[in-house]
Amino acid sequence: MTALTIERVDLLHLSMQLRERFVTSFGPQQQRDIVLVRLYAGGIEGWGELVAGREPVYSEETVVTATAMLRHHLLGLVLGRTVEDPRQVDRWWRHVRGNHMAKAAVEMAVWDVWARAAGQSLAHALGGSKTSVASGVSVGIQDDTAALLDRVAGYVAQGYARIKLKIAPGNDVGLVAAVRERFGDIELMVDANSAYTLDDAQHLAALDEFDLMMIEQPLEHDDIIDHATLAPELRTPICLDESIRTPGDARRAHQLGACRIINCKPGRMGGHTASLALHDWCTAAGMPLWVGGMLESGVGRLHNIALASLDGFTLPGDTSASDRYWTADIIAPEVRLSPDGTVPVPTGPGLGHAIDHDRIQSVLEHTETFTAA
């Protein structure tokens, strides 16, 4: 493989509207401020996506802070550099603490351009072998139980392989009971997004009767110790999301018994290189793993699907079809759900789908360009 020199990076600032309001314990969200990274190397372009939100609620990173980090620190460490292996990028900025979402946006674009230059799919470049991946769907908190049941019914009819319910204090056990009663033995899980404390252990244990796949991140976003205390009190497996930012976090959580499942989000991990390391560790440890989502556009979604094609990702991920979130996505063709509840893994070079430049122009706020000069 010929070495590639990173010549230019564009940051495309988009404003996109979700097709419906998405409510979690963090609050409601309908507008997404998305920054795409378009990276040129060897005359080829690769794409990445910044998954940080407007507010520092899921993570301390926001669109504003992450783009500032890119402008003033990270892009200067990659522009003009020659890439012989995408894993190099992770080493170039290892001395820069944290800022995983900012790093991931660029690092994943490097993986895309690398795969395109090699004439192979991103999934193949990452080591994936699946031709399709099981797709789950995340259902936000609804106004009432009837609305939730209607929403779940629609997704079950579409064939999604797993339903995830967002929960929060006051919107939890009763809703799960209603869904289980209505839909029987569907694959069902809940996601608390850090909304509970150890004082809620007995209340959370009431979820055990519903045979859930898992309860995701019930306690603090950066906690492992309290989750290790909670885990023996529940029959339902705990899955950690926000708490796992490095493969080392996964190892410590495993050693302490804090979780039995891990949600891997490449944006949270700092990109594909760290996600691959997490995948390899979890596979060796026998820890079930799946790919989560961050309300990405098609660019981020295709990156997630490519990662989910690795054998160690054994549970349905948040790799929903484009029309779950967007009236019109920014890729062509859009990601579509197959009748068997899977989405296909693209086989074309890089991300495997074309970028819909006309759609991008319709939601583009402004563009920043950075060159090696």
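Is the range 58-81 home to any residue that is under 20 Å from Ser320 (Cβ atoms) and β-branched (Val, Ile, Thr)? No, the conditions are met nowhere in the range 58-81. The set of residues in the range 305-333 that are in contact with a helix residue (DSSP H, G or I) (Cβ under 7 Å, 6 or more places away or on another chain) and not in a strand (DSSP E or B) comprises Ala306, Leu307, Ser309, Leu310, Gly312, Thr319, Ser322, Ala328, Asp329, Ile330.
Of all residues in the range 279-295, those satisfying the criterion of being assigned to a helix (DSSP H, G or I), surrounded by fewer than 22 Cβ atoms within 10 Å (Cβ to Cβ) and not small (Gly, Ala, Ser) are Asp280, Trp281, Thr283. For the range 306-319, the set of residues classified as surrounded by fewer than 24 Cβ atoms within 10 Å (Cβ to Cβ) and either of a type in the set (D, E, K, R) or closer than 16 Å to Gly154 by Cβ (or both) consists of Asp311 only.
Here His95 clears all of (1) outside the structural domain of Met69 (by TED's automatic domain parsing); (2) surrounded by fewer than 20 Cβ atoms within 10 Å (Cβ to Cβ) except the condition numbered (1). Output the residues belonging to the range 347-370 that are touching a Lys or Arg at 6+ places or on another chain (Cβ under 8 Å) and over 23 Å from Lys130 (Cα atoms). Matches in the range 347-370: Glu368, Thr369, Phe370.
To keep it simple, each residue is scored yes or no on (1) closer than 20 Å to Ser322 by Cβ; (2) in contact (Cβ under 8 Å) with a residue 12 or more places away in the chain; (3) in contact with a strand residue (DSSP E or B) (Cβ under 7 Å, 6 or more places away or on another chain).
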{"position": "Thr2", "(1), (2), (3)": "no, yes, no"}
{"position": "His13", "(1), (2), (3)": "no, yes, yes"}
{"position": "Leu18", "(1), (2), (3)": "yes, yes, yes"}
{"position": "Phe22", "(1), (2), (3)": "yes, yes, yes"}
{"position": "Phe26", "(1), (2), (3)": "no, yes, no"}
{"position": "Ile34", "(1), (2), (3)": "yes, yes, yes"}
{"position": "Arg38", "(1), (2), (3)": "yes, yes, yes"}
{"position": "Gly42", "(1), (2), (3)": "no, yes, yes"}
{"position": "Ala52", "(1), (2), (3)": "no, yes, yes"}
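Each residue in the range 140-188 was checked for being closer than 16 Å to Glu20 by Cα and either surrounded by fewer than 15 Cβ atoms within 10 Å (Cβ to Cβ) or free of Cβ contacts under 8 Å to residues at least 12 places away in the same chain (or both), and 5 of them qualify.
Answer with yes or no whether Gly298 is under 16 Å from Leu126 (Cα atoms), crowded, with 24+ Cβ neighbours inside 10 Å, in the same structural domain as Glu233 (by TED's automatic domain parsing) and in contact (Cβ under 8 Å) with a residue 40 or more places away in the chain.
It is false that Gly298 is under 16 Å from Leu126 (Cα atoms), crowded, with 24+ Cβ neighbours inside 10 Å, in the same structural domain as Glu233 (by TED's automatic domain parsing) and in contact (Cβ under 8 Å) with a residue 40 or more places away in the chain.
Of all the residues in the range 334-343, those that are in contact with a helix residue (DSSP H, G or I) (Cβ under 8 Å, 6 or more places away or on another chain) and touching a residue at least 40 places away in the same chain (Cβ under 8 Å) number 2.
If you check Asp241 against the conditions, is it without any contact (Cβ under 8 Å) to a residue 24 or more places away in the chain, outside the structural domain of Asp85 (by TED's automatic domain parsing) and either closer than 25 Å to Leu307 by Cα or not polar (S, T, N, Q) (or both)? When the stated conditions are applied, Asp241 does not pass them.
What are the residues in the range 303-333 that are over 22 Å from His357 (Cβ atoms) and either without any contact (Cβ under 8 Å) to a residue 24 or more places away in the chain or aromatic (Phe, Trp, Tyr) (or both), if any? Across the range 303-333, the qualifying residue is only Phe313. When you check Asp226 against the structure, is it touching a residue at least 60 places away in the same chain (Cβ under 8 Å), surrounded by 14 or more Cβ atoms within 10 Å (Cβ to Cβ) and closer than 24 Å to Thr246 by Cα, yes or no? For Asp226, the condition - touching a residue at least 60 places away in the same chain (Cβ under 8 Å), surrounded by 14 or more Cβ atoms within 10 Å (Cβ to Cβ) and closer than 24 Å to Thr246 by Cα - is not met. The residue of the range 42-68 that is surrounded by the most Cβ atoms within 10 Å (Cβ to Cβ), among those that are among the hydrophobic types (A, V, I, L, M, F, W, C) and more than 25 Å from Ala115 (Cβ to Cβ), is Val63.
The values are calculated or read from the model by the stated rules, or taken from the named source; none is laboratory data. These numbers were taken from a predicted model, which means no experiment stands behind them. FYI the Cβ positions are ideal-geometry reconstructions off the backbone, even for glycines, and counts take in every protein chain you see.
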